[in-house]
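Here's the structure, in structure tokens; my notes come after.
All of the numbers you see were taken from the coordinates with simple rules; none came from a lab. Keep in mind it's a predicted model, so treat the numbers as computed, not measured. With ideal geometry, Cβ positions are generated from the backbone for all residues, glycine too; neighbour counts draw on all protein chains shown.
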Amino acid sequence: MRHPKKVIQSRLAFFIYSVIAFSRAFSQPSSELPETNFIFRYEMLAPPPGPPATVSAMDLPNDPGKGIIVSWQKAPGDNDVFHTVVGYAIYRSQFADSGFTLISRIPGGSSSYSDSDTSLVNGRKYYFKVAALYKNDTLYSSPAGPAVPEPQLFHKQRIVVLALMLLFSGSALFLISRARRGKNVYVRPIAGIDAVDEAIGRATEMGRPILFVPGLGEASRVATIAAFTVLARVARKVAEYQTRIIVPNYDPVVMTICQEVVKEAYAAAGRPEGFNERDVYFVTQDQFPYTASVNGTMLRERPATNFYMGKFYAESLILSETGFVAGSIQIAGTDELVQIPFFVAACDYTLMGEELYAASAYLSQEPQQLGTIKAQDWGKVVAILLMIVGAVVYFFSTPAGDSFSAFVQGG
Amino acid sequence: MKREVPLVIVFVSGAFMAFQYFVPHYISAAVYQYALNWTIIVGIFTLVVGIGSLVGLHYDRISRRKEQWRYSIVTLVALTFVTVIGLYSPDAIQNPRGLFMHVYFYVLAPVTATMFALLAFFIASAAYRAFRARTVLASLLLLSAVIVMLGRVPIGEYLTGWLPEGLRFSDIAKFILDYPNTAAKRAIYIGVGLGVAATSLKIILGVERTWLGGGQ
């Protein structure tokens, strides 16, 4: 049977059903059989107008206060068939029987309204009325309430997040303390990080600079912070090998931090005079002009090695392909999933997702840093277990699961 | 002391940010908003530092006559010109017929679009290198890429439309995208999520100090 055709005329709705015969052998209607065998005609009258029923008002849950949620049962005729309700008008008062003022009009089809007016006073009682707006009628509900807005101290919908956060943090702290006590933590080799020294050595031999691009992320992005870690390591080696490092920046805050990181690295290597502030500079906060500038730097300076670490978007491939044309070794690391394939295609080494975050621990080999890597692994084990449990539960909620249960029980 | 003060600030701020996520109370929300406003204010000040860096760099390039130094003159002239017309017309952004927006629409936007358009050619050259069947894995990548590409264009349907349902390019492409591809993407997402949580924890606890500059 085909989907019913719906024809709406004023308050009348007609449903016309057509039944088409199919031959068994084909999924398409057979040409040998008549296309339409029967037509059913069903007429339905729209219900008479009425006010919204069961109106209720209560404090908006999990909010900073000054919020009330009003909900109601849709008025007669407010459905997919008739659409006779144009909208709803919400009225508010501090008294149950008088003083109602209009606070909002919302379109038909709605069944709740969140009143977050800043003029609401926490702890005060409020009453609400909802009016159904028909084409020619306005029908008011009886008053609902009192509702008292209150601020909440805990977001109840985030309890699972809190539990997981505490679990993860607890595991991390436990593993950090275990690592501090001398327990060995194995971290698998990360090719992209292992290649750092080799790439810097190559730059030194060739007498060419190193280009470090910290991406388009702000300093608050964790991927950018991970990029600082790699930059610190690279800058330290660069200072030791007396090579030059160029760091073009998209964000001025990131630039300030990069300058500090490189400066400290030169100081730590015993060559503070080697640091040139002009080599760690701000370009622009516009994506493609930034890309154009970095590309220009690549083609002018011909760096031996390019590092792309942090947040990257559409410019990732433009940068890395230009670097390839310039003949540079390229090492990239990002947690932007869409950009990872581009980097994999165009770069020699790519740190994918969590590898960028693991780089810090891998480079420092500090026990407390390695402890957090282990905590990540535990987190993955928990995620895998949850996925297995979810898959099993889902399977048994399907007809296939029912059949399997019946089979096991010998049914 | 130079190290301890930032570490304490980071610990207190980080712990508060985690705390406020679970506490919707208006005091918590107000402090959070206050912190965000400060972030914006600090960001604006650092923009001044950034522009200082840009001007210094290009001035240096011009004065030392470095390679392609003339482009630095273009940069500095453009920076000055756009700043002046922006400052001298109070409704610069609101007025689409003003000089400021003319510069935006007829200079910056086409140049930006041109850079973006280069991406199409770079995708072709990168795909050519990535899809060379030099190893078994690269061959598999090539095979899946060909199937996915053909499965999403009409010619794929034209070539395999006669095959039973489930064996056509479009069906195999859908399977590759829905199952192996989605599974791999989610695995990376889970790893990234845990990595972000671990790194955040390291920063709040002061285990990770590279952002201080050197980290010692």
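Brief remarks on what is shown
- Virtual paramagnetic centre 7 Å along Cα→Cβ of A:Val382, amide N under 14 Å, in region A:138-169: A:159-169
- Sequence ranges A:280-288, A:351-359, ranked by mean other-Cβ count within 10 angstrom, highest first: A:351-359, A:280-288
- Region A:80-182 - percent relative contact order, Cα under 8 Å, separation 6 or more: 25 percent
- Virtual paramagnetic centre 7 Å along Cα→Cβ of B:Lys185, amide N under 17 Å, in region B:104-142: none
- Relative contact order of region B:131-205, pairs being alpha-carbon contacts under 8 Å that are 6 or more residues apart, as %: 21 percent
- Largest mean-square fluctuation among A:Ala332, A:Ala267, A:Ala361, in a Gaussian network model of chain A whose springs join Cα atoms under 10 Å apart, belongs to A:Ala267.
- Take each residue in A:252-262, count the other chain C-beta atoms within 10 Å of its C-beta, and the mean is 5.
- For the peptide B:46-55, the mean number of other protein chain Cβ atoms found within 10 angstrom of a residue's Cβ is 6.
- For chain A, adding -39500 (n - 2.57) for each run of n ≥ 4 DSSP H residues and dividing by the number of residues yields -13000 deg cm²/dmol at 222 nm.
- Region A:215-254 versus region A:255-269: alpha-carbon centroid distance in Å: 9 Å
- From largest to smallest, the equivalent ellipsoid semi-axes obtained for region A:53-147 from the alpha-carbon gyration tensor read 24, 14, 10 Å.
- Between A:Leu133, A:Leu370, A:Leu164, the Gaussian network model of chain A with springs among Cα atoms under 10 angstrom shows the greatest mean-square fluctuation at A:Leu133.
- Chain B shape via C-alpha gyration tensor axes, a/c threshold 1.5: oblate
- Taking label positions 7 Å along the Cα-Cβ direction at both B:Arg3 and B:Leu159, the computed distance is 6.1 nm, reported to one decimal.
- Sites A:Lys125 and B:Arg65, calculated FRET efficiency, Cβ-Cβ separation with R0 60 Å, nearest 0.05: 0.20
- Gaussian network model of chain A, Cα within-10 Å springs - most flexible of A:Lys183, A:Lys74, A:Lys237: A:Lys74
- With the highest mean first, a sort of the peptides B:183-192, B:112-121 on other beta-carbon atoms found within 10 angstrom per residue produces B:183-192, B:112-121.
- Simple label model, 7 Å out from Cα along Cβ direction - B:Ala78 to B:Asn95, nm: 2.4 nm
- Mean partner shielding of peptide B:116-126, defined as the number of other chain Cβ atoms within 10 Å of each residue Cβ, is 6.
- Given their separation in residues at 0.36 nm each and the Cα-Cα distance between them, A:Asn62 and A:Asn276 gain 71.9 nm when the chain is fully extended.
- For A:Gly215, distant residues with modelled amide H under 5 Å away: A:Met309
- Rounded to 10°, Cα long-axis angle of helix A:252-268 versus longest principal axis of chain A: 30 degrees
- Entries of A:Lys263/B:Lys202; A:Lys311/B:Lys66; A:Lys66/B:Lys202; A:Lys374/B:Lys174; A:Lys263/A:Lys311; A:Lys263/B:Lys66 with Cα pairs more than 28 Å apart: A:Lys311/B:Lys66; A:Lys66/B:Lys202; A:Lys374/B:Lys174
- Sites B:Ile41 and B:Ala145 - FRET efficiency at Förster radius 56 Å, r taken between beta-carbons, to 0.05: 0.70
- Counted over chain A, the DSSP beta bridges are approximately 70% antiparallel.
- Projected onto its three principal axes, the C-alpha set of chain A covers 88, 72, 54 Å, listed from the longest axis down.
- Where labels lie 7 Å past Cα in the beta-carbon direction, separation of A:Phe95 and A:Val160 in nm: 4.7 nm
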